[in-house]
Amino acid sequence: MDLAFFGVQLLNGLQYGLLLFLIASGLTLIFGIMGIINLAHGAMYMIGAYLAFDLTQRLGNFWLAIAIAVPIAVALGLVIERLFLDTLYRRDHLYQVLLTFGLILVLNEAQRIIWGGDVHSVALPEPFTGSIALTDNLQYPVYRLFVAAVCLALAGAIYWVIRHTRLGIIIRAGAVNREMVEGLGINIRTLFTLIFSVGVALAAFAGMMAAPISSIAPGMGDSILITCFVVVVIGGIGSIKGAFFGALLIGMAETFGPVLVPSLASMLIYLIMALVLLIKPRGLFA
Amino acid sequence: MLHRYPKRVLVLMLALLALMIAYPAWGPAVFGDSSAFFMEKLTLMLIFSLFAVSLDLLVGILGLVSLGHALFFGIGAYTLAMASPDFSPASMWWMLPLVMAVSGGVSVVVGLLVLRTKGIFFIMTTLAFGQMLFYYISTASFTGGTDGVFIMFRPSLAIGSADGASPLINLDDPLTFFYFCLTLLVVVYLFLRWLTRSHFGQVLDGIHDNEHRMQALGYATTGYKLIAFVIAAMIAAVAGMLAAMQYGFANPAQLGWHHSGEVLMMVILGGMGTIFGPILGAFAYELLLYFYEHLTPHWPILMGLTIILAVLVLPKGIAGLMLHPPRRSRASGLKDTTLVERLTPKAGDPSTSPRPTAKSSPGRSSS
């Protein structure tokens, strides 16, 4: 492995890790604050990708498609939260797991009914169609750098909201003691609806961003969901910081694994998780 | 609640058993030409019942929600596929212990890791370990990858003759195999009923309610949990082996997490923590599946909605309906509680009317 190849892999790992963070942050926020384990999170990633594909086809413009798809994703999150999750907050995780598992079946099949079982792709959008020359014969696509930058900016925004705004104070307080926040006259129900919609929209947005650089296929949400679970378990459930570093670690492992240890590549992230569980059962940043 | 069930449960289970045993008598009359097909369906229901009761030991009795239980189901299927000779049937006499030994060994390693976690972490880590093996088997060369492996010969069960050349019990015969699965289910059911009522089962029940208190009482709770985890894994592996015999192949989908979700649904649909409930759940789930599959190619959407509906309106499952029929609750909510009954002085009973609380306290304090 020469240096240029190493650099490309490093950039790929970074970009993939940041994308994973976007999905995992929603997952960890929804659990940390609402106490809900949302298996349908991966399905939202898939729906985001399909929305980007469909609307780009119709409108002919990727950016316009995203501008319309994000509110749709937020609305979908709102409907799911109000319709189904409302009754689940005080119940065991078991029922949350089952209900969101049922949601996966419904959303996956709805995808098949609407968009069919074919694999699709989205063209790289202007003005990011080009590549940067790293060396004489190694190119790196600009769009991937753009995705990494957007994810990083969003990570910064999430950090800023949670650390430095009034909403962030309420979110942090709600994660520590729900009843106390309610007792102080804050409407925790509205907060929950907001968190769920935003969390789910983050996953869908990640799917939209990933659409031009990945193949859009049925069931694409399932594998990303499991990967994000590994990220969240490694980082510590409910910890945004943990999700960030966990996502980068897993992003690197997934890109370097097949090159460095091909025989173990498919299991590598789970082995890392097992190792973390052995040392710190509650995650690295919990 | 674990210890004694109302008589109607026993009657229903015995009726179900009798119905199964007598299938050759009524099956052809009811289903006509497709009788053999329905017997295969019933065989699968029995196999999934076995799978579901094994998960109930974890979810219902111990309170540990595993989303990776199909891992052990798959291990059973693949152990059979890998260990079967290519040109002759294996003997069930060593295949069954082998399947249990392999799944037991894996479950000790996995259990030691996942039992370090609780609640939501347990859900996520069991899911992740299940997927780890799923991806390993899907990509490994010796397992046939995503296509799976065919099993050329079903293991034979020879009694009396050691070579298995003329098996007394021919598992290739669908009816014999059906009875074989039924027998295993009955044995496992009785074993689990005995286990949950034994001292060991009481400890598991205690861990479910309050693990810290059990630790304070001097129980090494992790050891108990690990033993239960291993037992559940072994039963699941036997179910997986039977399923592989029935299908004639082992396939990565058998250990994927969708399969874990399905079996969890069977447990909840039937009623967790009751052992008999998950059997009803497995039958109900497979019947619904069969019905939906014939209704529309988009059956997963119906199944998904059914799952959501079951979670919202039937959290205690079918068993919950049987143990606590709905007609007596709600309107007379308070009257149901025995404490209130005991504390309420009865007219014309001088022994309880003056100091009802003092009367009832000795009985309560001893529990």
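Each reported figure results from applying straightforward, stated rules to the coordinates on display, with no laboratory input. This is a predicted model, so every value here is computed, not measured. Cβ placement follows ideal geometry from the backbone for every residue including glycine, while neighbour counts extend to all protein chains displayed.
Worth a mention:
- Backbone amide hydrogens, once placed in the peptide plane, bring residue B:156 within less than 5 Å of B:90, B:91, B:92, excluding anything fewer than 5 places away on its chain.
- Cross-link pairs exceeding 32 Å between alpha carbons, from the set B:41/B:118; A:241/B:316; B:41/B:225; B:225/B:316: B:41/B:118; A:241/B:316; B:41/B:225.
- Other protein chain Cβ atoms within 10 Å, averaged over every residue that makes up B:130-137: 5
- Value of relative contact order over region A:140-286, rounded to a whole percent, pairs C-alpha under 8 Å and six or more apart: 17 percent
- Sequence of B:102, A:230, A:8 once ranked by neighbouring C-beta atoms within 10 Å, starting from the fewest: A:8, B:102, A:230
- Ratio of the Cα radius of gyration of chain A to 2.2 N^0.38 Å, where N counts its residues: 1.01
- Cut-off 13 Å between beta-carbons: net charge of the residues surrounding residue A:162, Lys and Arg +1, Asp and Glu -1: +4
- Cα gyration tensor category, rounded, prolate or oblate, for region B:1-138 with a/c compared to 1.5: oblate
- Backbone amide hydrogens, once placed in the peptide plane, bring residue B:249 within less than 5 Å of B:151, excluding anything fewer than 5 places away on its chain.
- Descending semi-axes in Å of region A:160-199, equivalent ellipsoid built from Cα gyration tensor: 15, 13, 8
- For chain A, the relative contact order is 38 percent, taking Cα pairs closer than 8 Å that sit 6 or more residues apart in sequence and dividing their mean separation by the residue count.
- Cβ crowding within 10 Å, taken as a proxy for footprinting-reagent exposure, orders B:299, B:94 from fewest neighbours to most as B:94, B:299.
- Anisotropy class assigned to region B:7-324 is rounded, per the alpha carbon gyration tensor with a/c under the 1.5 cut-off.
- Cα point-scatterer Debye curve for the protein assembly as shown, base-10 log of I(q)/I(0) at q = 0.06 Å⁻¹: -0.38
- Measuring spread by the Cα atoms of region B:52-92 yields a radius of gyration and Dmax of 14.5, 44 Å.
- With Rh defined as the Kirkwood radius, the inverse of the mean 1/r over Cα pairs, the Rg/Rh of region B:90-199 is 1.05.
- Normalised contact order of region B:7-324, rounded percent, pairs of Cα under 8 Å and 6 or more residues apart: 31 percent
- Alpha carbon centroid spacing (whole Å) that separates region B:1-55 from region B:116-139: 32 Å
- Packing-based ranking, highest mean first, of B:109-119, A:259-269, B:286-296 given that Cβ atoms within 10 Å are counted: B:109-119, A:259-269, B:286-296
- Look at the Cα gyration tensor of region A:218-269: its axes a ≥ b ≥ c give a/c of at least 1.5 with a/b at or below b/c, and that counts as oblate.
- Calculated [θ] (222 nm, deg cm²/dmol) that DSSP helices of n ≥ 4 give over the protein assembly as shown, each run adding -39,500 (n - 2.57): -23000 deg cm²/dmol
- Rh (Kirkwood; distinct C-alpha pairs) - region A:45-199, Å: 18.8 Å
- Region A:240-266-region B:279-326 distance, computed between alpha-carbon centres (Å): 39 Å
- Region A:174-263: translational diffusion in µm²/s, Stokes-Einstein, Kirkwood Rh over Cα pairs, 20 °C, 1.002 mPa s: 137 µm²/s
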